[in-house]
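Enquirer: Pasting in a structure now, in structure tokens, and then I'll have a few things to ask.
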Amino acid sequence: NTAAGERELGVRTALQRRGLPAAGLPVVAGDGHVGGGERALRELLTLAPQVTALVCYNDLTAIGAMRAAAALGRRLPRDLSVIGFDDVDLAALVEPPLTTVVQDTPAMGRWAVEQLTQRLADPGGEAQVVRLTPTLCVRASTAPYVTDAPR
């Protein structure tokens with residue numbers, strides 16, 4: 001999945017820019033759905049039980065991870081911070097509300113229609129790649145990690 005690879009690269013790049021180690025970052029695969037997020041968190045905690053933050057492929061995966069965390073007695077965001085991607089409507093309604101990366105979907109839609117129109121007018125034209133800058137919607141599923149807090 002190209003999107004998953006690019007999102008992972010973005011996380012690794014952000015860690016490196018902050019001087020944090022990205023080489024040993026544990027990664028587990030989900031399926032983009034709630035059940036896959038639950039399974040992925042359980043697998044991740046088996047591989048790396050000390051994990052304190054989780055960046056998920058999308059909001060549904062994050063919501064599944066949040067469910068598994070609660071079932072395992074992990075308190076969000078005190079024990080584990082969780083971030084999703086897409087800002088689906090449900091993200092603001094779960095408890096705690098999910099921090100998520102927001103894409104400018106109206107701009108994406110406009111660009112896609114423009115590209116389709118151009119390709120229909122000139123089928124041999126060159127394909128374009130455009131990267132839109134997402135924003136972070138901070139909600140209650142994340143907090144700074146506190147090393148001296150009782151766990």
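Enquirer: With (1) charged (D, E, K, R); (2) in contact (Cβ under 8 Å) with a residue 24 or more places away in the chain; (3) surrounded by fewer than 17 Cβ atoms within 10 Å (Cβ to Cβ); (4) over 20 Å from VAL11 (Cα atoms) as the list, and GLU126 as the residue in question, which single condition is left unmet?
Expert: (2)
One line per residue, one yes/no per condition, for (1) surrounded by fewer than 22 Cβ atoms within 10 Å (Cβ to Cβ); (2) modelled with pLDDT under 95; (3) under 16 Å from LEU41 (Cα atoms); (4) of a type in the set (A, V, I, L, M):
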residue: ARG67; (1), (2), (3), (4): yes, no, yes, no
residue: ARG74; (1), (2), (3), (4): yes, no, yes, no
residue: VAL88; (1), (2), (3), (4): yes, no, no, yes
residue: ARG119; (1), (2), (3), (4): yes, yes, no, no
residue: ARG131; (1), (2), (3), (4): yes, yes, no, no
residue: CYS137; (1), (2), (3), (4): yes, no, no, no
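Enquirer: Here is a further query. Being touching a strand residue (DSSP E or B) at 6+ places or on another chain (Cβ under 6 Å) and free of Cβ contacts under 8 Å to residues at least 60 places away in the same chain is the filter; apply it to segment 64-86 and report the residue that is nearest to PRO49 (Cα to Cα).
Expert: The selected residue is ALA65.
Enquirer: Identify, by number, the condition in (1) farther than 20 Å from LEU15 by Cα; (2) out of contact with any strand residue (DSSP E or B) (no Cβ under 8 Å at 6 or more places or on another chain) that VAL51 doesn't meet.
Expert: (1) is the only condition that VAL51 fails.
Enquirer: Something else: Go through (1) open to solvent by less than 100 Å² (accessible area, probe 1.4 Å); (2) more than 22 Å from ASN58 (Cβ to Cβ); (3) without any contact (Cβ under 8 Å) to a residue 12 or more places away in the chain one by one and return the number of the condition ALA112 breaks.
Expert: Failed condition: (2).
Enquirer: Quick one: GLY10 ticks every box in (1) among the small types (Gly, Ala, Ser); (2) buried (at least 20 other Cβ atoms within 10 Å of the Cβ); (3) modelled with pLDDT under 95; (4) part of a helix (DSSP H, G or I) bar one, so which box is it?
Expert: (2)
Enquirer: List every residue pair whose Cβ atoms sit under 8 Å apart, with the two residues 6 or more apart in sequence or on different chains, where the first one lies in segment 23-43 and is surrounded by fewer than 20 Cβ atoms within 10 Å (Cβ to Cβ) and the second, anywhere, is of a type in the set (Phe, Trp, Tyr).
Expert: If the second residue must be of a type in the set (Phe, Trp, Tyr), the pairs left are GLY32/TYR57.
Enquirer: Give, as residue ranges, the strands (runs of 3 or more DSSP E) completely inside segment 44-151 that count at least 1 residues that are of a type in the set (A, V, I, L, M, F, W, C) and farther than 22 Å from HIS33 by Cβ.
Expert: Because the criterion is at least 1 residues that are of a type in the set (A, V, I, L, M, F, W, C) and farther than 22 Å from HIS33 by Cβ, the strands (runs of 3 or more DSSP E) in segment 44-151 that meet it are 135-137.
Enquirer: Can you name the number of the only condition in (1) at pLDDT 95 or above; (2) open to solvent by 70 Å² or more (accessible area, probe 1.4 Å) that PRO97 fails?
Expert: (2)
Enquirer: A further question on this structure: Report yes if ASP89 is in contact (Cβ under 8 Å) with a residue 12 or more places away in the chain and among the acidic types (Asp, Glu), otherwise no.
Expert: No: the conditions fail for ASP89.
Enquirer: Those residues that are within 17 Å of THR52 (Cβ to Cβ) and either at pLDDT below 95 or part of a loop (DSSP other than H, G, I, E, B) (or both), I need them from segment 20-40; list them, please.
Expert: Residues satisfying the conditions are LEU20, PRO21, ALA22, GLY24, LEU25, PRO26, VAL27, VAL28.
The values are calculated or read from the model by the stated rules, or taken from the named source; none is laboratory data. Note that the structure is a prediction, hence the values are computed from the model and not measured. So basically every Cβ, Gly included, is an ideal-geometry build from the backbone, and we count neighbours across all protein chains shown. With ligands, DNA and RNA removed, areas are computed over all heavy atoms of the protein, side chains included. Shrake-Rupley method; radii C 1.70, N 1.55, O 1.52, S 1.80 Å.
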